[in-house]
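Peer 1: A single structure is presented below for examination.
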Amino acid sequence: MPPREVGLDLHNRLRSSLDDNKVEQVVFDAYAARYKDKTFDIPALIPQVYLHFDPASQLARRTAGQNRSPLARQRMDFLILFSSRHRVVIEVDGKQHYAEGEKASPRLYSEMVAEDRRLRLAGYEVFRFGGAELLTSGASAMLTKFFDQLTSGMK
């Protein structure tokens, strides 16, 4: 296949991993627009990455006599690998990240920021976007500016 078709096929497969998550699609599409000039000198934005995949279920753990819990946050919304030293995680936060039902949960928020600290100590930069800010009419322009600033700092 010609390189353009290979690129489009990869783009479609990566985008399909987002299912119907509209806010994550906004992020993915804003980054993908960076390739429109057939310039492929920036790293890929990889969606739905498992940092540490832990396939064992809690039931299997209990059956095996293990009381440990699964990893707190196994999956990142997006990962960009600029180099082995520049690794960027992008998270899109809906209310499930900080609320139980309609009520804010200090426990969930604390778990989220504790995991951010753990990722930072492991060498990842973490950037969070609120889902609501990605549903505005200016989201694409805001993301373009963010990615411009991010990639200019990584070269």
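None of the figures in this text is laboratory data; all of them are computed from the coordinates on show. If you're wondering where the values come from, they're calculated on a predicted model, not measured in any experiment. Ideal geometry is used to build each Cβ from the backbone, glycine not excepted, and the neighbour counts take in all protein chains shown.
Peer 1: Loop-only check: which chymotrypsin sites (Phe, Trp or Tyr not before Pro) in the stretch 76-155 are DSSP coil with at most 16 other Cβ within 10 angstrom?
Peer 2: Those satisfying the criteria are 82.
Peer 1: Figure the gain on full extension for residue 133 and residue 111 (residue separation times 0.36 nm, minus the Cα-Cα span) and round it to one decimal in nm.
Peer 2: 5.7 nm
Peer 1: Do any GluC sites (Glu not before Pro) in the stretch 75-155 lie in a DSSP loop with no more than 15 other beta carbon atoms within 10 Å, and if so, which?
Peer 2: Hits after loop and neighbour filter: 102.
Peer 1: For the stretch 79-146, run through the trypsin sites (Lys or Arg not before Pro) and keep only the ones in DSSP coil with at most 11 other Cβ atoms within 10 Å of their Cβ.
Peer 2: 85
Peer 1: Determine the gain in length on full extension of the stretch residue 96-residue 140; use 0.36 nm per residue of separation and subtract their C-alpha separation, reporting nm with one decimal.
Peer 2: Contour length minus the Cα-Cα distance gives 13.5 nm.
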